[in-house]
Amino acid sequence: MHVAIIMDGNGRWAEQRGLPRTEGHRAGARAVRRVVEAAARSSIERLTLYAFSCDNWERPADEVDNLMLLLRRHLIGQVARCVNNGVRVVFIGRRDRLSPDLVRAIEHAERLTAAGTRMTLQVAVDYSARAAIIGAAQAAPADASRAEFSRLVGEACHAAPGDVDLLIRTGGERRLSDFLLWESAYAELVFVDTYWPDFDEHGLAAALAEFRARERRFGGLPAEPRTAGAQAARDDRASDCRAD
Ligand code: FPP
């Protein structure tokens, strides 16, 4: 199961307490630690966290610097715990605009945790789903068949094997903000009002319970079995739709 989270509400959490926004992000990083540990103990095989979007560069420079520093410190501080818990860490998004220090910490974490099999933690940094889709489309050969083109774009967007089953957004807003647009084609969406720093294992369990209570139909009828054959036929039909 793949769960993706838009961690929103750090700033408002801090404002509510009369604290600077940076304190909200620090509390957000603590919530990341709690939720990753809870996820690793659950049935989640892949967890993707939206840590920094391409649009977040528009924030004041000191907030951006603080977020980057926090990310680096968190990575360095948590890598041993990830190794011990069997959590493999991978990053998606651009790396060419990140500081060399942060890129080194990312590569170090990816290398050290590469053998983890319990859960994959995907962290999206300087990430834009549209940019990922455009990049993937540009890299596909011009003479690719529709099905081949669809497969290549999907793979390049990390869709295989990582289609999102459940997408959670904290903080009360109800939008996707350019996050995993390709992979979330059939995701169940759960929006919660809790600000990210207050989200914890109970919030995750409640979102998982809501997900389990949903009936997933993938465009079919309620009782349609989800066999591999049905999935392949659906992929073919979808690639026809997308290409037309
Ligand atoms: C959104 O809250 C949150 C972010 C832009 C950053 C998320 C980063 C963290 C939780 C900290 C570090 C991450 C990791 C993976 C260690 P916001 O600032 O937009 O809140 P607001 O909408 O209330 O202003």
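Values quoted throughout were computed directly from the atomic coordinates according to the rules given, and no laboratory measurement underlies them. These numbers were taken from a predicted model, which means no experiment stands behind them. For neighbour counting, all protein chains shown are included, and Cβ atoms are generated from backbone atoms with ideal geometry for every residue, glycine included.
Assorted remarks:
- For ASP198, ASP126, ASP101, the sequence from fewest to most other C-beta atoms within 10 Å is ASP101, ASP198, ASP126.
- Rel. contact order, % - alpha carbon contacts under 8 angstrom, at least six apart, the chain: 25
- Relative to the longest principal axis of the Cα atoms of the chain, the long axis of helix 61-84 makes an angle of roughly 70 degrees.
- Charge tally for ALA139 (other residues, Cβ to Cβ under 13 Å; Lys, Arg +1; Asp, Glu -1): -1.
- Each label point was placed 7 Å from the Cα along the Cα-to-Cβ direction; for ASP96 and ALA185 their separation is 2.8 nm.
- Degrees separating the helix 100-112 axis from the principal Cα axis of the chain, which is the longest one: 60
- Here the residues LEU180, LEU208, ranked from fewest to most Cβ neighbours within 10 Å of their Cβ, fall in the order LEU208, LEU180.
- Charge tally for LEU167 (other residues, Cβ to Cβ under 14 Å; Lys, Arg +1; Asp, Glu -1): -2.
- Charge context of TRP57, other residues only, Cβ under 11 angstrom, K/R +1, D/E -1: -1
- Angle in degrees between helix 228-243 and the longest Cα principal axis of the chain, rounded to the nearest 10: 90
- Neighbour counts of C-beta atoms inside 10 Å place ARG88, ARG212 in the sequence ARG212, ARG88, starting with the fewest.
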